[in-house]
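Handing you a structure now.
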């Protein structure tokens, strides 16, 4: 019998034992998963293409959630005002917290919000205005997520390692 040591994730993803970085990146993206060492029949271990695809999808997600949403993607509100708002995870959580506080009647209007670079501000006038600015940020985030997912889908549809890398490169080079 031909066996091989692998990393096996609770979600079913398999990583070559030499790909500890890929397994670690997978856990970083999916913090609720559990990865352990295992012995498997060679026929069930991931192919080089599968391993590369998994690694590239993790890189795309890391790029999206890190560099892109943290530093690059901004939402404009009000439209055509030039006032730009962060779309980072922290910013999304801050807006969500403000919406929660507003639903409890804890926000006094006008509420001053500072732009991403702290150089300008916008006075939110009421709950509807707050909803509109949160919608602008959410739309920018969802657009970026869909944009990145298109690259991930292309990576997963690739039939060769070169094609998978070529599918990921344009997004990873942004």
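Please specify each residue of the range 13-54 satisfying the condition of being within 15 Å of the chain's Cα centre (by Cα) and surrounded by fewer than 19 Cβ atoms within 10 Å (Cβ to Cβ).
27, 28, 29, 30, 31
Among the residues that make up the range 99-117, is at least one of them surrounded by fewer than 13 Cβ atoms within 10 Å (Cβ to Cβ), farther than 24 Å from residue 128 by Cα and modelled with pLDDT under 95?
Within the range 99-117, not a single residue is surrounded by fewer than 13 Cβ atoms within 10 Å (Cβ to Cβ), farther than 24 Å from residue 128 by Cα and modelled with pLDDT under 95.
Please find, among 73, 134, the residue that is free of Cβ contacts under 8 Å to residues at least 60 places away in the same chain and either assigned by TED's automatic domain parsing to the domain that holds residue 174 or within 24 Å of the chain's Cα centre (by Cα) (or both).
That would be 134, the only listed residue that is free of Cβ contacts under 8 Å to residues at least 60 places away in the same chain and either assigned by TED's automatic domain parsing to the domain that holds residue 174 or within 24 Å of the chain's Cα centre (by Cα) (or both).
How many residues, within the range 115-146, are within 30 Å of residue 171 (Cβ to Cβ) and in contact with a strand residue (DSSP E or B) (Cβ under 6 Å, 6 or more places away or on another chain)?
Counting residues in the range 115-146 that are within 30 Å of residue 171 (Cβ to Cβ) and in contact with a strand residue (DSSP E or B) (Cβ under 6 Å, 6 or more places away or on another chain) gives 5.
The values are calculated or read from the model by the stated rules, or taken from the named source; none is laboratory data. As the structure is a prediction and not an experimental result, all values here were calculated from the model. Counting neighbours? That spans all protein chains shown, and the Cβs are built from the backbone with ideal geometry, glycine included.
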